[in-house]
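Working notes, beginning with the structure itself.
What follows draws every value from the coordinates through simple rules; no lab data is involved. Predicted model, so just to flag it, every value in this text is computed and none were measured. A quick note on method: Cβ atoms are made from the backbone with ideal geometry, for glycine too, and the neighbour counts reach across all protein chains shown.
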Amino acid sequence: MDAALALIVGKYNYWIYIVLMMIGLYAVVVKKNLIKKIIGMNILQTAIILFYVSIGAKKGATIPIIAHAHNGGGEHVIHAAEYINPLPHVLMLTAIVVAVATLGVALALSIKVYKQYGTLEEDEIYEKIRES
Amino acid sequence: MSQHFPAIIIVIPLIAAFLVTIAGWINRRYCMPIAAFALTTALYGAVRLVLQVMAGGAVTYQMAGWPAPTGIVYTIDALNGIVLVVVSAVALLNLVGTSQIVARNYADRLAPFYSLYVLFVTGLLGIVITGDAFNLFVLLEITSLTGYALIGMGRTHAPLASLNYIFMGTIGASFYLLGVGYLYLSTGSLNMADIAAILPSLYESKVVLAAFVICMTGLFMKMALFPLHGWLPNAYALAPSVVSGLIAPLTTKVMIYVMVRIALTVFTPAYTFGTLGISQAIVWLAVIAIVMGSFMALSQKSLKKMLTYIVIAEVGYMVGGFWLANRTAMTGAVLHIINDAAMTLCVFLAACSIRFKLASDRFENLRGIFRKQPVTMAALVVGALSIIGVPPTCGFFSKWYLLSGGIAAGHYAFVAALLFSSLVNAVLFFRIFEIGHFEPFSRHGHGPAAERINEAPVTMLVSLLAAAAVLILLGLYSGEIVTNIIDYAIPAQIS
């Protein structure tokens, strides 16, 4: 019990991302409404962004700007361990842009779908396709 | 100049994509020539790079002079050099072939169309050339997003099909990103060569195992391996015919290239095929993909829909051949990436030409098509023979390597599936030829009334004939391709 608790508490960032990801996956697969599916897809992407952001963080570290750099900074020894890792965060800037672009394209297409069928419920759309 | 070819291949089409949009404001007639110029440059650069690789081994290019592993590196070796040529050549042939049809059907949307088209090809070229795992994800999404938009331009149910593709495609890409995240977590690097150098000491780690499995699952989704293929048939069949000749030959093939790259370069063959122990299971998946793809193709009633299921079966060929893990089968799989891109282009161009003239590709409308569109059908026959695997077309040779590889590996189910699929392909295409050539059966004792030739625009015919000629040339020179390029593309550890 204690071991399981330690596993959950100690690695809570991974648990959160997995739970979020599964919520997103569930919504994409199960929900019938196209907008809900799109939201699910976005939650899935956000979960992975959170995962990346969390792996860059360190306990007790500061933002990755070299302290005391105004007077040259050269005389101070820089300990990488004192700074959080900025690379995953920078990567996620790109991933956020990608996620926003995907969301935009998906919403644009769902407008087209709505104009065409007059509904965003998947089962109703398929019914209309079968009828035609 | 020549040392900058790796950058030029990406940068010129990327800039051209924006120039096309600007040209659209000034004069829409400039859009297509700019796109054609960009893709020709890319093709020229790709050919020069392959020659460079053949002469002096792998080429490495540091973007903006930042050395690896900090900077992004473009690496060109025998494997991706040849895929670069295939991507740019197929895209250029399809661009030229469909130009008159696009000018007529999409006259009001020329600039966005060509802009998306060139951006799509840029993304594919970038995926193939990059040596950075995260860069690959970004370019993958560039390709996917432009692909969704291009498919969404189609009529009838295309927007819905495109939306379904977005859901599957985004999940696939997210899985790939997650896999790369795990790789970064365990190695602290995103450069493929650097990861490959660090990984061997970590092969026991569960994190690395998770990274591999998650990456592969994402890629299988993107390449539409059988149980994850749901998005492909509708998206490709309902896409405008002028883009299905671009998307269908290239997307799945480039994804298979990425699978090969991750499995062989980022991980070692010893890990992928030895430690992991999932090769057999994936070959079986491929067997199911081939059989199911063939069965579903049999039940289709229109040409393009049928071709999409053949694409699914062909994905099974390449995945199966690769995971058989012997040299012959892998040669077949890599050769099939080239051949399948060429033959899928040929048949989809023919489908585009038919749909342009008939406004339909349902089988019952294809009666007398040989008399109406003799050139198109001649090209379709060559493409079909290649897909069936009749020498001297190229399809025969890659299938031969795959079959001998399957026998060498003792995986007779794969061999049987390949033969079964070839037979089914023969049935599929000869059914079309029968409808097109012999129906309507004459009732009055005379032959059917002579119908006038009503062919597609001349650029389409030129492209079709070029594609058909390429199929035969690839077949005739397949020995040279294998000994000069593909032998170097497959690592020496694989016997």
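Computed extension gain for B:Val427 through B:Ala103, at 0.36 nm per residue and net of the alpha carbon distance, reaches 113.1 nm. Cross-link candidates for A:Lys11: which lysines have Cα within less than 27 Å, leaving aside residues fewer than 8 places away along the same chain? Qualifying lysines at Cα under 27 Å: A:Lys58, A:Lys59, B:Lys206. Here the label points at B:Val390 and B:Ile22, each 7 Å from Cα along the C-beta direction, are separated by 5.1 nm in the simple model. The ranking of B:Asp194, B:Asp340, B:Asp487, B:Asp108 by Cβ neighbour count inside 10 Å, starting from the fewest, reads B:Asp108, B:Asp487, B:Asp194, B:Asp340.
Note: relative contact order over chain B, using C-alpha pairs below 8 Å and six or more positions apart, is 15 percent. Comparing B:Pro391, B:Ala64, B:Ile82 along the charge dipole axis of chain B, the residue lying farthest to the positive side is B:Pro391, per the Cβ-charge model.
Test of understanding: ordering B:Glu364, A:Glu121 by Cβ neighbours within 10 Å, fewest first, what list do you get?
Numbers: B:Glu364 10, A:Glu121 15.
Ranking B:Glu364, A:Glu121 by Cβ neighbours within 10 Å, fewest first, gives B:Glu364, A:Glu121.
Remark: spin-label model distance B:Arg452-B:Lys357 equals 1.3 nm, labels positioned 7 Å along the Cα→Cβ axis.
Placing +1 on the Cβ of every Lys and Arg and -1 on the Cβ of every Asp and Glu, with nothing else charged, gives chain B a dipole about its Cα centre of roughly 1260 debye. Residue pairs exceeding 18 angstrom between C-alpha atoms, taken from A:Lys32/B:Lys222; A:Lys128/B:Lys304; A:Lys32/A:Lys128: A:Lys32/B:Lys222; A:Lys128/B:Lys304. A Förster distance of 30 Å, applied to the separation of the beta-carbon atoms of B:Glu364 and B:Ala416, puts the FRET efficiency at 0.35. Here the 3J(HN,Hα) profile of the range B:84-91, calculated from phi with Karplus coefficients 6.51, -1.76 and 1.60 at θ = phi - 60°, is 4, 4, 4, 4, 5, 5, 4, 5 Hz, Gly and Pro shown as x.
The residue list B:Phe356, B:Tyr236, B:Gly405 was ranked by how far each Cα lies along the charge dipole of chain B toward its positive end, using unit charges on Cβ atoms, and B:Phe356 comes out on top.
With the simple model of a label 7 Å out from the Cα in the direction of the Cβ, B:Ala281 to B:Ser205 spans 2.2 nm.
For chain B, what is the mean residue ellipticity at 222 nm derived from helices alone (per DSSP H run of n ≥ 4: -39500 (n - 2.57); sum divided by total residues; nearest 500 deg cm²/dmol)? If you can, show how the numbers build up before the last one.
Working: 19 runs with 357 residues, N = 495.
Helices in chain B give a 222 nm mean residue ellipticity of -24500 deg cm²/dmol.
Is the shape of the protein assembly as shown best called rounded, prolate or oblate, per the rule: a/c under 1.5 gives rounded, else a/b larger than b/c gives prolate, else oblate, with a ≥ b ≥ c the square roots of the Cα gyration tensor eigenvalues? Since a/c reaches 1.5 and a/b is larger than b/c, the shape of the protein assembly as shown is classed as prolate.
Which FRET efficiency, nearest 0.05, do A:Ala108 and B:Val11 yield, Cβ-Cβ r, R0 30 Å? Write out the running numbers ahead of the final one.
Values: r = 28 Å, r/R0 = 0.93.
That pair, A:Ala108 with B:Val11, gives E of 0.60.
Here the protein assembly as shown is treated with +1 on each Lys and Arg Cβ and -1 on each Asp and Glu Cβ, and its dipole about the Cα centre works out to around 1460 debye. Taking other Cβ atoms within 10 Å as a rough exposure proxy, B:Arg362, B:Arg104, B:Arg452 sort from fewest to most as B:Arg452, B:Arg104, B:Arg362. Rounded to 0.05, the FRET efficiency of the B:Thr459 and A:Ile18 pair, given R0 = 51 Å and the Cβ-Cβ distance, is 0.45.
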